[in-house]
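Below is one structure, written out as structure tokens; comments come after it.
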Amino acid sequence: MSTTTPARLATAADIDGMAAALAAAFHDDPVMCWLFGDAPPRPQRYSEQFFAREGRRHLQQHTVYTSDGHPGAAFWDPPGHWRTPPLAVLRMAPLLVRGMGRRTTRALRGLTRMEKVHSEHPDHYYLAVLGTRPDRQGEGIGAALMAPVLSICDTDGVGAYLESSKEANIPYYRRHGFEVVGEVTFPAGPTIWPMWRDPQPPTDLT
């Protein structure tokens, strides 16, 4: 019997809890390690700050989901709003430079590659971030956090898009209807796998 707490829309009061959960979830993520390094104090000093800033930005779109106790979080962008606004990049710049140092230019080239591939797809909901604390993985939390927006996609006939930063996670996303549509390799860095989900027809329960 599942004990997963239902997903709900996040508020500003959830930012710190979500940031801590996501920093733990992404502690060994290849892209985060490539950007910020894989040794202390990266998880505390940079990852939590990064996810807190991104959480505040995505809250403006009203598409951030979490659960009570903050076991994880999902940051979505609605159709037409996935590009990071220049002002948001400017506000993030000091954190990125502190965390990445001389890797900053290389990282920006990689993000440009990622956005180019992203822009080739029609309007969609973009799953920018999905993560579950390691001690809560395997409980269906990620599925619960995706479910509200995937339901909207199916009802409205809209696609969904994400980038998997771990090849091992591709089968998980496939179970939710996503399929790999390419590869993007960061300069002297990891590979990510863009994935697309067509809206799913309603299940016939008759």
Checklist entry - Ordered by packing density, taken as the mean number of other Cβ atoms within 10 Å over each peptide's residues, highest first, how do 57-70, 22-35 rank? => result 22-35, 57-70
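Give me 83, 8 ranked fewest to most by other Cβ atoms within 10 Å of their Cβ, as a rough exposure proxy. All intermediate terms of the calculation are to be shown ahead of the outcome.
Details: 83 12, 8 15.
Ranking 83, 8 by Cβ neighbours within 10 Å, fewest first, gives 83, 8.
Order of 196, 76, 82 from fewest to most other C-beta atoms within 10 Å?
Values: 196 17, 76 26, 82 20.
Lowest to highest Cβ neighbour count: 196, 82, 76.
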Checklist outcome for this item: Between residue 183 and residue 106, the two model label points (7 Å from Cα along the beta-carbon direction) sit apart by a distance in nm of 1.9 nm
Next on the checklist: Just to check I understand the Karplus step: with θ = phi - 60° and J = 6.51 cos²θ - 1.76 cosθ + 1.60, what whole-Hz values come out for the stretch 47-57, glycine and proline as x?
Outcome noted: 4, 5, 5, 4, 5, 5, 5, 5, x, 4, 5
Next on the checklist: Please compute the modelled spin-label separation between residue 175 and residue 155, points set 7 Å along Cα→Cβ, answer in nm with one decimal.
Outcome noted: 2.5 nm
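Laboratory data are not the source of any read-out in this text; all were calculated from the coordinates shown. On a predicted model such as this, the values are computed, not experimentally measured, just so you know. We place every Cβ from the backbone using ideal geometry, glycine too, and count neighbours over all the protein chains shown.
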